[in-house]
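Data first, discussion second: the structure below is written as structure tokens.
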Amino acid sequence: MAQLSFQLEGLTCGGCVSAVRKALEQQSDVAVIELTQTQLSVETPHTAEEIITWIAEAGFEAMAV
């Protein structure tokens, strides 16, 4: 598993953070290490592109860093 980090955009409240957490926790093998309104770190065998897609499906933007 790899640890990936992302810069997040569009999260304005705790509800937004919860929505991203829920979207990621629905995927298998994604462990959320850190999640704030601006940053995300996960441990996962998935690609950064997959994580970005899941975040986009939740209505937010992410960029791998």
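The values are calculated or read from the model by the stated rules, or taken from the named source; none is laboratory data. Computed from a predicted structure; not experimentally measured. Please note: Cβ atoms are built from the backbone with ideal geometry, for glycine as well, and neighbour counts cover all protein chains shown.
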Log entry, pairs with first residue in the stretch 11-31 being surrounded by 10 or more Cβ atoms within 10 Å (Cβ to Cβ) and of a type in the set (S, T, N, Q), second being in a helix (DSSP H, G or I) and at pLDDT 95 or above, beta carbons closer than 7 Å, six or more apart or on different chains, reads Gln27/Trp54
Among (1) without any contact (Cβ under 8 Å) to a residue 24 or more places away in the chain; (2) of a type in the set (A, V, I, L, M, F, W, C); (3) loosely packed, with under 11 Cβ neighbours inside 10 Å, there is one condition Ala2 misses while meeting the rest; what is its number? (1)
If you go through the stretch 41-65, how many residues are in contact (Cβ under 8 Å) with a residue 12 or more places away in the chain, surrounded by fewer than 18 Cβ atoms within 10 Å (Cβ to Cβ) and of a type in the set (S, T, N, Q)? 1
